[in-house]
Amino acid sequence: MKYTEKQILEKTKKILQDLQGQFYNEESIKNARFSDKKELSRPEGKTAPVWTVSIDEPVFDAWEFLTISDETGEPLYYQNANMIIHEIKKDDKGNYY
């Protein structure tokens, strides 16, 4: 494990602030769990050490999940009941989109 839960939660705050903008609510972040061999949704069939962060989305009464690589500390994908956003990029200023 390269990252601690505290580091991943701090990273999650930055990612969600960038992705959600004015709708970001830090209290929606519930926990982060480490798995040393999780089967990924994207790319399908691959396993990797990752952190899965649970996010409570009260507006839609649903749970969302942010998967972050333990190898790089970068997000792999963001998942909710309707879709998997598999392309989270970072611009030159370090902002996620």
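Taking Lys and Arg as +1 and Asp and Glu as -1, the other residues whose beta-carbon sits under 13 Å from that of E27 total -1.
Which net charge results when you count Lys and Arg as +1 and Asp and Glu as -1 among the other residues whose beta-carbon is under 13 Å from that of G94? Intermediate results must be reported in sequence, preceding the final value.
Working: positive: K11, K14, K89, K90, K93; negative: D18, E74, D91, D92.
Charge balance in the 13 Å sphere: +1.
Going through the cross-link list K11/K38; K37/K89; K6/K38; K38/K93; K30/K90; K14/K93, which pairs have a Cα-Cα distance over 22 Å in this structure?
On the way: K11/K38 20 Å; K37/K89 24 Å; K6/K38 20 Å; K38/K93 30 Å; K30/K90 24 Å; K14/K93 13 Å.
Going by Cα-Cα distance, K37/K89; K38/K93; K30/K90 fall outside the 22 Å limit.
Note on F60: accessible area approximately 150 square angstrom, rounded to 10, probe 1.4 Å, nucleic acids and ligands left out. Solvent-accessible surface of protein heavy atoms, probed at 1.4 angstrom with all chains present, puts R33, R42 in the order R33, R42, largest first.
Summing charges over neighbours of A81, with a neighbour being any other residue whose Cβ is under 14 Å away from its Cβ, gives -4 when K and R count +1 and D and E count -1.
Could you work out the helix-only [θ] at 222 nm for the chain, with each DSSP H run of four or more residues adding -39,500 (n - 2.57) and the total divided by the number of residues, to the nearest 500 deg cm²/dmol?
Dividing the helical sum by the residues of the chain leaves -5500 deg cm²/dmol.
The values are calculated or read from the model by the stated rules, or taken from the named source; none is laboratory data. In this text, all values refer to a predicted model and were calculated from it rather than measured experimentally. Every residue, glycine among them, receives a Cβ derived from its backbone with ideal geometry; neighbour counts consider all protein chains shown. The accessibility values were calculated without ligands, DNA or RNA, using every heavy atom of the protein model including side chains. Shrake-Rupley method; radii C 1.70, N 1.55, O 1.52, S 1.80 Å.
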